[in-house]
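The values are calculated or read from the model by the stated rules, or taken from the named source; none is laboratory data. It should be emphasised that the depicted structure is a prediction, and the values quoted were computed from it without experimental measurement. So basically every Cβ, Gly included, is an ideal-geometry build from the backbone, and we count neighbours across all protein chains shown. Just the protein is used for accessible areas: all its heavy atoms, side chains included, with ligands, DNA and RNA removed. Shrake-Rupley method; radii C 1.70, N 1.55, O 1.52, S 1.80 Å.
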Amino acid sequence: MSDDNQKNWKPATKLVRGGTMRSQFGETSEAIFLTSGYAYDSAEQAAARMRGDEEGYVYSRYGNPTNQMLADRLTLLEGAETCRVTASGMAAISSAIIAPCSAGDRVVAATALFGSCRHICSTILPRYGVETEFVDGGDLQAWTQALSKPTRLVLIESPSNPLLDAVDIAAIADLAHSAGALLVVDNVFATPILQLPLELGADIVVYSATKHMDGQGRVMSGAILGQSNFIEEHIDPWLRHTGPAASPFNSWIVLKGLETLDLRVREASRNAVRIADAIAAHPNVQAVRYPGRADHPDFAIHQKQMSMGGSLIAFSIKGAMPEPTSAGNAPAAFTFLNALRLVDISNNLGDTKSLACHPSTTTHRALSAEEQAEMGLDESWVRLSVGLEDASDLVDDLNQALSAV
Ligand SMILES: *Cc1c(COP(=O)(O)O)cnc(C)c1O
């Protein structure tokens, strides 16, 4: 548990030392407590722990020292009151959305969301009697109207997947609060290095730590951050009894990843600036969406809430076929992806390795063509997660693949 002095540390110090808890052996690297259970000194102690009268671990579905070190480090980094870590990003996000809702409640979400987040809102919540409404994330009038009725929870993502649209977090926080709703922000694309939603008025921040926090493509992990009273009342009972518990080994990997998070995110962002400019200059590219470029339609909002452009770029390739790929007409984007030699084709992101994917046939394939069009997505778009290779090698690879189209 973090003492007050740790709160005053600068982010780089928090990332390396925050939450570290040494055992009696004085290890410099955090220990991995691979244990499911805990032994007690006496039957009285077991009873007191179970009653909650004595601090301490009882079972790793409830809590584990390595998981706690990760939660404490993330709490400090985000400036939150508390944090719970989970088995994956979706374990965190589904818990944060479902746990506070009851039948009859209403949820409002932005249209442009990570595919599984959208599925929870469009398909799972309504089956349990929770009404959901989708709003174009950039349309403040639509938000005002949707939030004119009492609402339990609002879910947004900024920058959003896959076209990196901005949602004005502070503006939506005000509207959500006047509707009595909690604002949940999926901050995966921005990372806590570039954007802090709680400072902008959000109530809950959720992460897939699988992405930049591990950052080296190794483990699944997730986190929920917010106020202690909310987490204790709604999230703790849900996590304890439904069981999306984090693996202590995975939490340890993420703890190690966090030590270099600031360096990696900033360097990948610097690479992304160069790459976005190079892609935009290629004759086979018809549009580039990068939060750090002035030609992004939401540039002003991104500038207001993000300190750098981040590591993700979306771009649209000329000559994409309008017919569905199942008809045998591969879009130009496929030709591009298949011509890449250095960048991998992968739907993962936030890795040290640069990864590219075709959202409309992979990450967003569950959406109909109309739903994709609503978010501005079609088969011409590629999403690129920029890694830590030398930017000039990446530019060379992207240019040769674009020229192959
Ligand atoms: C990856 C991702 C998730 C889901 O996280 P997992 O760790 O894959 O479960 C949620 N939201 C966003 C924006 C993501 O990129």
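Can you order the peptides 83-93, 331-341 by their average number of other Cβ atoms within 10 Å per residue, highest first?
Working: 83-93: 25.5, 331-341: 18.8.
Per-residue Cβ counts within 10 Å, averaged per peptide and sorted highest first, yield 83-93, 331-341.
Could you tell me the largest-minus-smallest coordinate of the C-alpha atoms of segment 223-323 on each of the three principal axes, in descending order and whole angstroms?
54, 37, 29
I need the P(r) histogram for segment 262-403: all alpha carbon pairs, bin width 10 Å from 0 out to the longest distance, whole percents.
12, 43, 35, 9, 0
As a check on your grasp of the helix formula, calculate [θ] at 222 nm for the chain: sum -39500 (n - 2.57) over DSSP H runs of n ≥ 4, divide by the residue count, round to the nearest 500. Could you put the intermediate results ahead of the total?
Numbers: 16 runs with 142 residues, N = 405.
Helix-only estimate at 222 nm: -10000 deg cm²/dmol.
Over the chain, what is the percentage of antiparallel beta bridges among all DSSP beta bridges, to the nearest 5? Don't skip to the end; give the middle numbers.
On the way: 24 of 42 bridges.
In the chain, DSSP labels about 55 percent of beta bridges as antiparallel.
Tell me the relative contact order for segment 262-403 as a rounded percent, counting alpha carbon contacts under 8 Å between residues six or more apart.
It rounds to 29 percent for segment 262-403.
Sequence gap at least 6, Cα distance under 8 Å: using those rules, report the relative contact order of segment 3-258 to the nearest whole percent.
Values: 481 pairs, mean separation 60.8, N = 256.
About 24 percent, as a whole number.
Please work out how much length the chain gains when fully extended from Ser148 to Ala369, using 0.36 nm per residue of separation minus the C-alpha to C-alpha distance, in nm with one decimal.
Values: separation 221, 0.36 × 221 = 79.56 nm, distance 2.97 nm.
Additional length available on full extension: 76.6 nm.
With charges only on Cβ, +1 for K and R and -1 for D and E, what is the dipole size of the chain about its Cα centre, in debye, rounded to 20?
Numbers: 31 positive and 47 negative charges, 98 e Å.
Computed charge dipole of the chain: roughly 460 debye.
Along the charge dipole of the chain, Cβ charges K/R +1 and D/E -1, which of Leu355, Thr13, Gly79 sits furthest on the positive end?
Farthest along the dipole direction, towards plus: Leu355.
Ignoring any ligand, DNA or RNA, what whole percent of the accessible area of the chain comes from carbon and sulfur when the probe is 1.4 angstrom? Mind dumping the intermediate values first?
On the way: 8650 of 16990 Å².
The nonpolar share, carbon plus sulfur, comes to 51 percent.
Could you tell me what a quarter of the Cα convex hull surface of segment 111-256 works out to, in nm² with one decimal place? Don't skip to the answer; put the middle values down first.
Details: hull surface 36.8 nm².
That works out to 9.2 nm².
If you consider only alpha-carbon coordinates, what radius of gyration and Dmax does the chain have, in Å?
Computed over the Cα atoms of the chain, radius of gyration and Dmax are 21.7, 74 Å.
Mind checking the per residue accessible area of segment 230-349 for me, 1.4 Å probe, whole number of Å²? Don't jump to the answer; show the numbers that get you there.
Numbers: 5460 Å² over 120 residues.
That works out to 46 Å² per residue.
Please report, in Å, the Rg and the Dmax of segment 209-265, where both are computed over Cα atoms only.
When restricted to Cα atoms, segment 209-265 yields Rg and Dmax of 13.1, 37 Å.
When the dipole is taken about the Cα centre of segment 262-403, and only Lys, Arg (+1) and Asp, Glu (-1) are charged at their Cβ, what size is it in debye, to the nearest 20?
Numbers: 12 positive and 18 negative charges, 52 e Å.
Using only the charged Cβ atoms, the result is roughly 240 debye.
What is the local net charge at Pro359, summed over the other residues whose Cβ is closer than 11 Å to its Cβ (Lys, Arg +1; Asp, Glu -1)? Kindly include the intermediate steps, with their values, before the conclusion.
Numbers: positive: Arg365, Arg383; negative: Asp378, Glu379.
Around Pro359, the charge tally is 0.
Would you work out the relative contact order for segment 176-262, in percent, from Cα pairs under 8 angstrom that are 6 or more residues apart? All intermediate terms of the calculation are to be shown ahead of the outcome.
Numbers: 97 pairs, mean separation 22.8, N = 87.
It comes to 26 percent, rounded to a whole number.
If I model a spin label as a point 7 Å beyond the Cα along the Cα-Cβ vector, how far apart are those points for Phe299 and Asn8 in nm?
My value for the distance between the label points is 4.1 nm.
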